[in-house]
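The values are calculated or read from the model by the stated rules, or taken from the named source; none is laboratory data. Remember, predicted model here, so these are calculated numbers, not experimental data. Glycine gets a Cβ as well: all are built from the backbone with ideal geometry, and neighbour counts include every protein chain shown. SASA here: full protein model, heavy atoms, side chains in, ligands and nucleic acids out. Shrake-Rupley method; radii C 1.70, N 1.55, O 1.52, S 1.80 Å.
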Amino acid sequence: MATLDSVFRREWGPTVATIARWSGDLTIAEDAVQEACAQAVQAWADEMPDNPGAWLTAVARNRALDRLRRESQRTGREYAAVYEEMTARADIELHPVRDDQLRMMFTCAHPALDRASQLALTLRLISGLTTAEIARALLQSEAAVRQRITRAKNKIRRANIPLRVPPAELLPQRTPHVLACIYSVFTEGYWSTAGPSAIRDELCDEGVRLAGELCALLPDDRDARALSALVLLHDSRRRTRVDDTGALIPLDEQNRSHWDRGRIARGLDQLRRAEGATGPYLPQAVIAALHATAHSWRATDWATICLAYDRLLEQLDSPVVRANRALAIGFRDGFTAGLAALDAVADDPLLARSNSVAVIRADLLRRAGRTDEARHWYQVALQHEAVSDPAAAFLRRRLTECDTSTAAT
């Protein structure tokens, strides 16, 4: 069943995007893919098809067609004409956006929808993320995310918003939304917020692929280049972030000789081509590049990393950025300075939806030798509801280390 789940997660986005483009209805597309997945559980009980994505698309298309037929008030002859038109649409429609998932991202960026609804809807349709996963990614409540997705679908239906990609000359207007969606997809894969695995490979792969597709579509967009650099540089470390048992390995303990040098080279090339980008991805890519090119943890250029965080805050002044910057300050100026920087942002209500403040505080305290205090904050982090299984195991490991250190003294 775990294998089926991974296949469904991998194929959900491409299949929904394809059926939505074909049928012109988001709800019909999502329902049809859900029905196809339910049928696959029985049909694949003995053996999975060689191309599960094609199987799901074919079955979902039939389910969507059945629903359109039931809801249609047309005569049989008229319905046949509509069927032929929809069948031909996927083959003859010409548009510079040829990737179905990118098309859906641009489509969901319709200006009639507010930005938060655009992002929540796209993550649900394209990535198949659950409401809980989207809520954690956006630091919002599940109820708020659920309402946003429902309202967005209803607005599309009531306002009869066409599921069309805008003309090529208007694509740049919607590009910031697409960039945010791609990065959210990659981030949920790279730092999985729930479940038994620390990494969701299918989402990491999809984030890297979509970033590359966007660069091919908009070769002169420097923010797209910056995002591509960011995900490539992060992804170069993916295989060293967990051990053979799936346990998390922190950056300072990773085997740098096993980092993907090809991905690093590609990421650095994209970073050079992103020079002059004005969005938030360039400074983040610089930070990732400094980690990727440091010969050792001790050789990390924390001074430049802090400058990059300062640049990021000029573009995206969020408590999440400030909390991460506090950790960097701790390595640059000393752990007491890092704790002071963290205190300045720790009470922001947005951060209450994650355990990041507790984790960062515990890490700074542990490194400062204040193990009793560190133990308390590791326990606080463990008690937070948004903790994946691998993250919980890592926090328990840190607790054990604190206990061992205290016993040794």
Search result, residues across region 332-382 that are touching a Leu at 6+ places or on another chain (Cβ under 7 Å) and without any contact (Cβ under 8 Å) to a residue 12 or more places away in the chain
373
So residue 99, is it of a type in the set (D, E, K, R), surrounded by 20 or more Cβ atoms within 10 Å (Cβ to Cβ) and at pLDDT below 80:
no
Criterion violated by residue 49 - all others in (1) assigned to a helix (DSSP H, G or I); (2) at pLDDT 85 or above satisfied
(1)
So the check is Cβ under 8 Å with 6+ separation or different chains; which pairs have a first residue in region 116-131 that's more than 11 Å from residue 26 (Cβ to Cβ) and open to solvent by 10 Å² or more (accessible area, probe 1.4 Å) and a second one that's acidic (Asp, Glu) and assigned to a helix (DSSP H, G or I)?
131/142
Considering only residues that are closer than 17 Å to residue 134 by Cα and open to solvent by less than 10 Å² (accessible area, probe 1.4 Å), which ones fall in region 204-231?
204, 207
Test result for residue 366, surrounded by 19 or more Cβ atoms within 10 Å (Cβ to Cβ), modelled with pLDDT of 95 or more and more than 27 Å from residue 140 (Cα to Cα)
yes
Region 157-179: number of residues that are part of a helix (DSSP H, G or I) and out of contact with any helix residue (DSSP H, G or I) (no Cβ under 6 Å at 6 or more places or on another chain):
10
Give the residue that is modelled with the lowest pLDDT, with candidates limited to residues of region 165-203 that are among the polar types (S, T, N, Q) and either open to solvent by 20 Å² or more (accessible area, probe 1.4 Å) or over 30 Å from residue 385 (Cβ atoms) (or both).
193
Between a first residue in region 145-158 that is open to solvent by less than 60 Å² (accessible area, probe 1.4 Å) and a second residue that is of a type in the set (Val, Ile, Thr), which pairs have beta carbons less than 7 Å apart while being 6 or more apart in sequence or on different chains?
145/131; 145/134; 153/27
Go through (1) out of contact with any Phe, Trp or Tyr (no Cβ under 8 Å at 6 or more places or on another chain); (2) β-branched (Val, Ile, Thr); (3) modelled with pLDDT of 95 or more; (4) more than 23 Å from residue 277 (Cβ to Cβ) one by one and return the number of the condition residue 300 breaks.
(1)
Checking the structure you have, find out if any residue of region 5-27 is more than 25 Å from residue 108 (Cβ to Cβ), open to solvent by less than 40 Å² (accessible area, probe 1.4 Å) and of a type in the set (A, V, I, L, M).
no
Part of a helix (DSSP H, G or I) and either of a type in the set (S, T, N, Q) or in contact (Cβ under 8 Å) with a residue 12 or more places away in the chain (or both): does that describe residue 216?
no
Please work out if residue 393 is in contact (Cβ under 8 Å) with a residue 40 or more places away in the chain, in a helix (DSSP H, G or I) and under 23 Å from residue 241 (Cα atoms).
yes
